[in-house]
Each structure stands twice: as structure tokens, then as C-alpha cells.
Amino acid sequence: MITHVVLFKLKNPSDSKKVADMLRALKKTVPVIRSLEAGEDILRAQRSYDLALTVKFDSLEDLEKYQVHPEHKLVADYIAGVRESVITVDYES
């Protein structure tokens, strides 16, 4: 199994609910997703990111299919316009 983790810092933290909802909708439209969680930061500390995404895939190949899936690309393009920064890690789980 492959776990894909992304942390987003948004230009406007009030956009985090909309972005989280868009990310959660990917579970219904991208068949290679095994599980998906998206959540907004609850502490709002200075060093905190605004939103976290964790997605699990059966294989590295499925992660690669997700990266180029048209629905993922639409969401990623939207997020690119509202994010300040992003950090990601992918690992075997």
C-alpha cells in the first residue's frame, strides 16, 4: 500500500472547507483511491498548515494514475490558485 500525504497552507484559510470538500469528492470520481481523508486544522497555530490530505493506494502505479486523472488535475489546478504553499510525502505503508 502507498500513502500520499499533502499539507496545504492557503492564502485565505477560510477557503479550507471548500478545498476539503473538493478533495473529498475525488473519492467518488477517481477509482484507484483506496481511502481518502481531508481535514481542516483545528489548532490554527502559527506553524500549522490549514488543511491535510491523506490518500491510500494499492500501488505506486495507482498513485501515478491518480496524479494524471482529469478530476484530480481539475482540483489541483484550483488549489494552485488559492494555496500559499504545499508540502507532500509518499511512503509505503
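Can you name the residue in segment 59-69 that is among the acidic types (Asp, Glu) and surrounded by fewer than 17 Cβ atoms within 10 Å (Cβ to Cβ) and is also farthest from Ser93 (Cα to Cα) among such residues? Full working, then the answer.
Restricting attention to segment 59-69, the residues satisfying the condition of being among the acidic types (Asp, Glu) are 61-62, 64.
From what is left, the residues that are surrounded by fewer than 17 Cβ atoms within 10 Å (Cβ to Cβ) are 61, 64.
Values: Glu61: 15, Glu64: 16 Å.
Applying the filter and picking the extreme gives Glu64.
For residues that are among the β-branched types (Val, Ile, Thr), over 14 Å from Ala76 (Cβ atoms) and in contact (Cβ under 8 Å) with a residue 60 or more places away in the chain, scanning just segment 1-40, find the one that is surrounded by the most Cβ atoms within 10 Å (Cβ to Cβ).
Among those that are among the β-branched types (Val, Ile, Thr), over 14 Å from Ala76 (Cβ atoms) and in contact (Cβ under 8 Å) with a residue 60 or more places away in the chain, it is Ile2.
For segment 42-54, does any single residue satisfy the condition of being out of contact with any Pro (no Cβ under 7 Å at 6 or more places or on another chain), over 13 Å from Gln67 (Cα atoms) and in a helix (DSSP H, G or I)? Walk me through how you get there before you give the answer.
Going through segment 42-54, the residues out of contact with any Pro (no Cβ under 7 Å at 6 or more places or on another chain) turn out to be 42-49, 51-54.
If we keep only those that are over 13 Å from Gln67 (Cα atoms) too, we end up with 42-49, 51-54.
Of the ones still in play, those that are also in a helix (DSSP H, G or I) are none.
No, segment 42-54 has no match at all.
Can you tell me how many residues in segment 70-90 are exposed (fewer than 14 other Cβ atoms within 10 Å of the Cβ) and farther than 17 Å from Val32 by Cβ?
8
Scan segment 55-75 for residues that are under 22 Å from Asp15 (Cβ atoms) and part of a strand (DSSP E or B) and jot them down.
Val55
Every residue, every condition in (1) touching an Asp or Glu at 6+ places or on another chain (Cβ under 7 Å); (2) not basic (Lys, Arg), yes or no:
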position	(1), (2)
Val5	no, yes
Leu10	yes, yes
Lys17	yes, no
Lys28	no, no
Ile42	no, yes
Asp58	no, yes
Leu74	no, yes
Ile79	no, yes
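Please go through segment 1-29 and pick out each residue that is touching a Ser or Thr at 6+ places or on another chain (Cβ under 9 Å), not in a helix (DSSP H, G or I) and not aliphatic (A, V, I, L, M). Reasoning before the result, please.
Restricting attention to segment 1-29, the residues satisfying the condition of being touching a Ser or Thr at 6+ places or on another chain (Cβ under 9 Å) are 1-10, 27.
Going one step further and asking which of them are not in a helix (DSSP H, G or I), we end up with 1-10.
Listed by number, the residues that qualify are Thr3, His4, Phe8, Lys9.
Restricting attention to segment 42-58, which residues are surrounded by 13 or more Cβ atoms within 10 Å (Cβ to Cβ) and of a type outside the set (Phe, Trp, Tyr)?
Taking segment 42-58 as the starting set, the residues that turn out to be surrounded by 13 or more Cβ atoms within 10 Å (Cβ to Cβ) are 48-57.
Within segment 42-58, Ser48, Asp50, Leu51, Ala52, Leu53, Thr54, Val55, Lys56 qualify.
FYI, it's all coordinate maths here, none of it is from the lab. All figures in this text were calculated on a predicted structure; none of them were measured in a lab. Please note: Cβ atoms are built from the backbone with ideal geometry, for glycine as well, and neighbour counts cover all protein chains shown.
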